[in-house]
Amino acid sequence: YETDGVAWAEAQADALRRRAGNELDYDNLAEEVEDVGRSIARAARSHIDVILEHLLKLEFVRRPENVREWIVSVRHARRSLDRELTPTLRARLPEETAEAVDMQIERLAANGVVSDDEVESRRARPYT
């Protein structure tokens, strides 16, 4: 496992298919399965971050030269997010979105894109 992850994964997959439980590395398999779930969740969160960043920029930034790019980016990220969402992630979406909005607003505020009043105004109107 530690020295050749590919060989280990192939051997574990083979043992699983043959139902050879005595050949399985249960502890490391459990870690790898959890990592798969975390990876899927990270990909979904990344799409949420892009969607929210660009929606907030569309709302607050007055630069028409970037509008088309942000709209296209939001559409693309939404399609990608729809492919990534599992029932479990879909159930967590409201919480993830609220957290991501806060993070994106803080980022825009730190960069001087939005004022403190705009930050509070946006927080009062959560995205759904």
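Points worth noting:
- Only Lys, Arg, Asp and Glu carry charge here, each on its Cβ (+1 for the first two, -1 for the last two); on that basis the range 51-101 has a dipole of about 240 debye about its Cα centre.
- Once the 1.4 Å probe is applied to the protein heavy atoms, the chain comes out at 68 Å² accessible per residue.
- MRE, 222 nm, helices only [DSSP H, n ≥ 4, -39500 (n - 2.57), over the chain, to nearest 500]: -27000 deg cm²/dmol
- Accessible-area order (highest first, 1.4 angstrom probe) of the listed residues 2, 32, 120: 2, 120, 32
- Point-charge dipole on Cβ atoms (K/R +1, D/E -1) for the chain, about Cα centre, debye to 20: 920
- Total charge dipole magnitude, the range 1-55, about the Cα centre, Cβ charges on Lys, Arg, Asp, Glu only, Debye to nearest 20: 340
- The chain, accessible surface, carbon-and-sulfur percent (1.4 angstrom probe): 51
- Across all directions, the average flat footprint of the convex hull enclosing the Cα atoms of the range 1-108 is 9.6 nm².
- Sites residue 93 and residue 9, calculated FRET efficiency, Cβ-Cβ separation with R0 35 Å, nearest 0.05: 0.70
- On the beta carbon distance between residue 79 and residue 36, with R0 = 22 Å, the FRET formula returns roughly 0.50.
- Relative to the current alpha-carbon distance between residue 25 and residue 116, full extension at 0.36 nm per residue lengthens the span by 27.5 nm.
- Qualifying trypsin sites (Lys or Arg not before Pro) for the range 39-128 [loop in DSSP, other Cβ within 10 Å: at most 12]: 62
- Stretch gain in nm, segment residue 17-residue 2, where the contour uses 0.36 nm per residue and the Cα spacing is subtracted: 3.2 nm
- Positive-end residue, the range 1-90 charge dipole about Cα centroid, Cβ charges, pick of 15, 72, 36: 72
The values are calculated or read from the model by the stated rules, or taken from the named source; none is laboratory data. In this text, all values refer to a predicted model and were calculated from it rather than measured experimentally. Cβ: placed from backbone, ideal geometry, glycine included. Neighbour counts: every protein chain shown. Calculation scope for accessible area: heavy atoms of the full protein, side chains included, ligands and nucleic acids excluded. Shrake-Rupley method; radii C 1.70, N 1.55, O 1.52, S 1.80 Å.
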